[in-house]
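Data block below; observations after.
The values are calculated or read from the model by the stated rules, or taken from the named source; none is laboratory data. Small disclaimer: the values here were computed from a predicted structure and weren't measured. Here Cβ is always computed from backbone atoms with ideal geometry, including for glycine, and neighbour counts include all displayed protein chains. All accessible areas refer to the heavy atoms of the entire protein, side chains included, with ligands and DNA or RNA removed. Shrake-Rupley method; radii C 1.70, N 1.55, O 1.52, S 1.80 Å.
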Amino acid sequence: MNKIYNSDDSFWDDLKNGKFASMVKEAAKGKSLNNAAEVFNVLKPMFQKTPDVEQFFCIFLNSKNKVLAIEKLFSGSIDRAMIFPRELIKKVLEHQALSIIVAHNHPSGSTEPSTVDIEITKKLRIAMEVIDGKLHDHIIVGDGYTSFADSGLF
């Protein structure tokens, strides 16, 4: 059933309470994401429930780069989230994913990768290679986005 929004308030409430995020997760299964802009557009609503907290999402992909699942794996405080490669790899194996795209937000709005962002991306790439998987991209979401793949940070 389609809901018609008569005011910005009900749309904003649905966006903040995660209604759209759960719809996106279900609709994405079996679909392809072809570039960083598409990934940003799909994930942006998922960060709206708690925009003042850094969150880390993973898109799990099959051998044909179709979405198996999208999950929030970690969340933290206003300026950091602890990322544990071991826990991410457990989820990759659980979903039987061949590759992944990861993304996290910067509540400040800046999409400039920090030194920590660059270091964790290196660790995740190595961890994926060890299990014969691939990290396609790491996207930072803020007032726009930065793609590690598009920016030559890989």
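Backbone geometry of the stretch 95-107 corresponds, through the Karplus equation with coefficients 6.51, -1.76 and 1.60 at θ = phi - 60°, to 3J(HN,Hα) couplings of 7, 6, 7, 9, 8, 9, 10, 10, 8, 9, 9, 10, x Hz, x marking Gly and Pro.
Relative intensity of the chain on a log10 scale, I(q)/I(0) at q = 0.16, 0.17, 0.18 Å⁻¹, equals -0.87, -0.97, -1.09, per a Debye sum over C-alpha point scatterers of equal strength in the absence of solvent.
Each helix, a run of at least 4 DSSP H residues, gives -39500 (n - 2.57); summed and divided by the residues of the chain, these come to -10500 deg cm²/dmol at 222 nm. If the segment from Lys134 to Glu94 were pulled out straight at 0.36 nm per residue, it would be longer than the present Cα-Cα gap by 12.8 nm. At an R0 of 22 angstrom, the distance between the Cβ atoms of Lys64 and Asn35 translates into a FRET efficiency of 0.85.
The order of the peptides 101-110, 116-125 by mean Cβ neighbours within 10 Å, most packed first, is 101-110, 116-125. Can you pull the accessible area of Lys44 for me, 1.4 Å probe, Å² to the nearest 10? Probe radius 1.4 Å; accessible area of Lys44 about 70 Å². For the chain, give the share of DSSP beta bridges that are antiparallel, in percent and rounded to the nearest 5; count only bridges with both residues there. Beta bridges within the chain, antiparallel portion: roughly 70 percent. When only C-alpha pairs under 8 Å and at least 6 residues apart count, what is the relative contact order of the chain, in percent? Contact order relative to length: 20 percent.
Here the stretch 113-130 is scanned for amide nitrogen atoms under 19 Å from the site 7 Å beyond the Cα of Met82 along Cα-to-Cβ, giving 116-121, 123-124.
Between Glu112 and Ser75, the modelled labels are 2.7 nm apart [label points 7 Å from Cα along Cα→Cβ].
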